[in-house]
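The values are calculated or read from the model by the stated rules, or taken from the named source; none is laboratory data. The structure presented is a predicted model; accordingly, all values stated were derived computationally and were not measured. Because the Cβ atoms are built from the backbone with ideal geometry, glycine has one as well, and the counts that use them run over all protein chains shown.
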Amino acid sequence: GAVVSQHPSRVICKSGTSVKIECRSLDFQATTMFWYRQFPKKSLMLMATSNEGSKATYEQGVEKDKFLINHASLTLSTLTVTSAHPEDSSFYICSARGSPAGVNEQFFGPGTRLTVL
Amino acid sequence: AQTVTQSQPEMSVQEAETVTLSCTYDTSENNYYLFWYKQPPSRQMILVIRQEAYKQQNATENRFSVNFQKAAKSFSLKISDSQLGDTAMYFCAFILTGTASKLTFGTGTRLQVTL
C-alpha cells in the first residue's frame with residue numbers, strides 16, 4: 001500500500017524558534033497533501049491543503065504566516081511553524097492523495113509531536 | 001457543509017464479543033465516500049473500511065463490516081470477535097467525490113477491548 005512518512009516524529013523547541021516538519025509520499029506521487037492538527041483526545045482538524053507547485057489553501061482561522069506550507073514536489077510537503085509558542089504544541093499529521101488510489105483516498109503519515117517550551 | 005456525528009465518545013467491549021460504533025452524517029449531495037479510520041495509541045491513522053455511496057452492498061473487511069443506510073444517512077461499524085489490538089480511537093469520515101474534496105471527520109469513539 002501507499003506509504004507516507006513524516007520527519008521528525010517528535011520535536012521539542014524553544015519559544016520563538018521555527019520548526020520544519022517534512023511529509024513524504026514514499027511510493028506514489030502525491031498531487032495533494034493535507035496538514036492536520038490534533039489535540040489530545042480530539043479529532044483531526046484540517047489546517048491546510050496543498051497542491052504541488054501552487055500555494056496552499058488554508059482553513060478559516062489558520063494563520064498562513066504562522067504555518068508556512070510548501071509543496072515543492074510530488075513527493076514532499078513541508079510545514080514550518082514560525083516563531084513557535086507553547087500554544088502551538090500539538091500533534092501534527094499530514095496525509096497525501098494521488099495515484100494509485102485516486103482522488104478519494106488519503107494516506108496518513110505517522111504524525112509529529114511538537115512541544116514548545 | 002457536510003457534518004459527521006459520532007454520538008458515542010467511549011465504548012467498551014469484552015474480547016471475542018461484537019461491538020457496533022455509530023456514525024451519522026449530513027449532506028445534500030449524492031456522490032460521496034464514507035470511511036472508518038482507526039487510531040491506536042501509536043496515533044497512526046489506519047483505514048479500516050470504506051464505502052462508496054453508490055453501492056448498496058455493505059462493505060466488509062474480515063472482522064469489520066458496516067451497516068450503510070443511505071436514506072437515514074447512517075454508517076455504523078461492526079467489529080466482530082473483538083481483539084485487544086482493536087483498542088483505539090475510531091473516526092468516521094466523509095468525503096465528496098471530486099478532486100477538490102476534503103475529508104470531514106467525526107469527533108471519534110474511544111473503544112476499549114477488555115479481557
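Is it fair to say A:P86 is within 8 Å of chain B (Cβ to nearest Cβ) and at pLDDT 95 or above? Give the derivation first.
On the way: within 8 Å of chain B (Cβ to nearest Cβ): no; at pLDDT 95 or above: yes.
It is false that A:P86 is within 8 Å of chain B (Cβ to nearest Cβ) and at pLDDT 95 or above.
Working only within the stretch A:1-26, note down all residues that are in a strand (DSSP E or B) and within 12 Å of chain B (Cβ to nearest Cβ).
First pass over the stretch A:1-26, keeping only residues in a strand (DSSP E or B): A:4-7, A:10-13, A:19-25.
Passing the criteria: A:V4, A:S5, A:Q6, A:R10.
Would you pick out the residues in the stretch B:99-115 that are farther than 18 Å from B:M11 by Cβ, facing chain A (nearest Cβ under 7 Å) and surrounded by fewer than 20 Cβ atoms within 10 Å (Cβ to Cβ)? Quick ask: steps written out before the conclusion?
Within the stretch B:99-115, the first condition is being farther than 18 Å from B:M11 by Cβ, and the residues that meet it are B:99-104.
Now drop any that are not facing chain A (nearest Cβ under 7 Å), which leaves B:99, B:102-103.
Matches in the stretch B:99-115: B:T99, B:K102.
Here are some residues: A:A30, A:A48. Which one is under 27 Å from B:A88 (Cα atoms) and of a type in the set (G, A, S)?
Numbers: A:A30 fails: under 27 Å from B:A88 (Cα atoms).
Residue meeting the stated conditions: A:A48.
Does the stretch B:16-35 hold any residues that are in contact with a strand residue (DSSP E or B) (Cβ under 6 Å, 6 or more places away or on another chain) and either farther than 15 Å from B:F94 by Cα or within 12 Å of another protein chain (Cβ to nearest Cβ) (or both), and which are they? Outline the logic, then answer.
Initial filter on the stretch B:16-35 (in contact with a strand residue (DSSP E or B) (Cβ under 6 Å, 6 or more places away or on another chain)): B:19-26, B:29, B:32-35.
Those that are in contact with a strand residue (DSSP E or B) (Cβ under 6 Å, 6 or more places away or on another chain) and either farther than 15 Å from B:F94 by Cα or within 12 Å of another protein chain (Cβ to nearest Cβ) (or both): B:V19, B:T20, B:L21, B:Y32, B:Y33, B:L34, B:F35.
Tell me the strands (runs of 3 or more DSSP E) entirely within the stretch A:27-115 that contain at least 1 residues that are in contact with a strand residue (DSSP E or B) (Cβ under 7 Å, 6 or more places away or on another chain) and aromatic (F, W, Y). Show your work before the answer.
Values: elements: A:30-38, A:44-51, A:67-73, A:76-81, A:90-98, A:102-108.
Ranges flagged: A:30-38, A:67-73, A:90-98, A:102-108.
Quick check: anything in the stretch B:43-53 over 27 Å from A:L46 (Cβ atoms) and of a type outside the set (V, I, T)?
Step one: list which residues in the stretch B:43-53 are over 27 Å from A:L46 (Cβ atoms), which gives none.
The answer is no; no qualifying residue exists.
Go over the candidates B:K70, B:K38, B:K78 one by one and state the one that is more than 8 Å from every other protein chain (Cβ to nearest Cβ), surrounded by 15 or more Cβ atoms within 10 Å (Cβ to Cβ), closer than 30 Å to A:R10 by Cβ and of a type outside the set (V, I, T).
Details: B:K70 fails: closer than 30 Å to A:R10 by Cβ; B:K78 fails: closer than 30 Å to A:R10 by Cβ.
Of B:K70, B:K38, B:K78, the one residue that is more than 8 Å from every other protein chain (Cβ to nearest Cβ), surrounded by 15 or more Cβ atoms within 10 Å (Cβ to Cβ), closer than 30 Å to A:R10 by Cβ and of a type outside the set (V, I, T) is B:K38.
Would you be able to tell me the number of residues in the stretch B:1-53 that are at pLDDT 95 or above and hydroxyl-bearing (S, T, Y)?
9
Keeping to the stretch B:47-58, report how many residues are surrounded by 13 or more Cβ atoms within 10 Å (Cβ to Cβ) and either within 14 Å of chain A (Cβ to nearest Cβ) or in contact with an Asp or Glu (Cβ under 7 Å, 6 or more places away or on another chain) (or both).
Filtering the stretch B:47-58 down to residues surrounded by 13 or more Cβ atoms within 10 Å (Cβ to Cβ) leaves B:47-53, B:58.
From what is left, the residues that are either within 14 Å of chain A (Cβ to nearest Cβ) or in contact with an Asp or Glu (Cβ under 7 Å, 6 or more places away or on another chain) (or both) are B:47-53.
Count: 7.
Name the strands (runs of 3 or more DSSP E) wholly within the stretch B:1-81 that hold at least 1 residues that are touching a helix residue (DSSP H, G or I) at 6+ places or on another chain (Cβ under 9 Å) and among the β-branched types (V, I, T)? Talk me through it step by step, then tell me what you get.
Values: elements: B:3-5, B:10-14, B:19-21, B:24-26, B:32-39, B:46-52, B:64-69, B:74-79.
Counting at least 1 such residues, we get B:10-14, B:19-21, B:74-79.
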